[in-house]
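Just so it is clear, none of the values below were taken in a lab; they were calculated from the coordinates. Only a predicted model underlies this, so the values are computations on that prediction, with no experimental measurement involved. Methodologically, a virtual Cβ is constructed for each residue, glycine included, from the backbone with ideal geometry; neighbour enumeration extends over all protein chains shown.
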Amino acid sequence: MQLTSFTDYGLRSLMYLAARPETTCSVREIAEHYHISRNHLVKVVHKLAQENFIISSKGKGGGIRLAANTLHLRLGDIVQTLEPSMDLVECFDSASNSCTITESCQLKHYFFEARQSFIKTLNQHTLADTVKNPALFFAK
């Protein structure tokens, strides 16, 4: 299983902002910090704002900052919000499934259980847990 770069960038952006909870930052600043595409990050930040994880403001003095209570969100919940599909195998999506053994296959149950365990494990931690050492986000 591999998370999309969209989810990865979303988590990294939230961590960056969590390390500076009272500061307004720019998308450019975060993109440069992580050496990632600013254009891609703009789309990620838009989604983060739509989900009320961050507050975005335009114009002079604008930027993005962490929304209230985002520090306390569970990581698994964030991942499920950002990840477009947690389908580990084809048969998880009934619309596109063409597997001929779906009805009798037991493997899909094990993958489903593994996916649930993955989210459960992530949900044992909050965004705040990921930035216990905020200084790491200021190093150049």
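For Glu51, work out the one condition from (1) in contact with a helix residue (DSSP H, G or I) (Cβ under 6 Å, 6 or more places away or on another chain); (2) under 22 Å from Leu136 (Cα atoms) it doesn't fulfil.
The failed condition is (2).
Sort out which residues of the range 61-83 are touching a Lys or Arg at 6+ places or on another chain (Cβ under 9 Å), under 23 Å from Ala31 (Cα atoms) and surrounded by 16 or more Cβ atoms within 10 Å (Cβ to Cβ), and write them in order of number. Can you show your working first?
Residues of the range 61-83 that are touching a Lys or Arg at 6+ places or on another chain (Cβ under 9 Å), as a first pass: 65-66, 76, 81-82.
Keeping just the survivors that are under 23 Å from Ala31 (Cα atoms) gives 65-66, 81-82.
Within the range 61-83, Arg65, Leu66, Leu82 meet the criteria.
Here is a yes/no grid of residues against (1) closer than 18 Å to Ser5 by Cα; (2) outside any loop (DSSP other than H, G, I, E, B); (3) without any contact (Cβ under 8 Å) to a residue 40 or more places away in the chain; (4) within 16 Å of the chain's Cα centre (by Cα):
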residue	(1), (2), (3), (4)
His40	yes, yes, yes, yes
Lys60	no, no, yes, no
Ile78	yes, yes, no, yes
Ala95	no, no, yes, no
Ser104	no, no, yes, no
Phe111	no, yes, yes, no
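Got at least one residue in the range 84-92 being free of Cβ contacts under 8 Å to residues at least 60 places away in the same chain, surrounded by fewer than 12 Cβ atoms within 10 Å (Cβ to Cβ) and not β-branched (Val, Ile, Thr)? Steps first, answer last, please.
Initial filter on the range 84-92 (free of Cβ contacts under 8 Å to residues at least 60 places away in the same chain): 85-87, 89-92.
With the extra rule that they be surrounded by fewer than 12 Cβ atoms within 10 Å (Cβ to Cβ), the set shrinks to 85.
If we keep only those that are not β-branched (Val, Ile, Thr) as well, we get 85.
Taking every residue of the range 84-92 in turn, at least one turns out to be free of Cβ contacts under 8 Å to residues at least 60 places away in the same chain, surrounded by fewer than 12 Cβ atoms within 10 Å (Cβ to Cβ) and not β-branched (Val, Ile, Thr).
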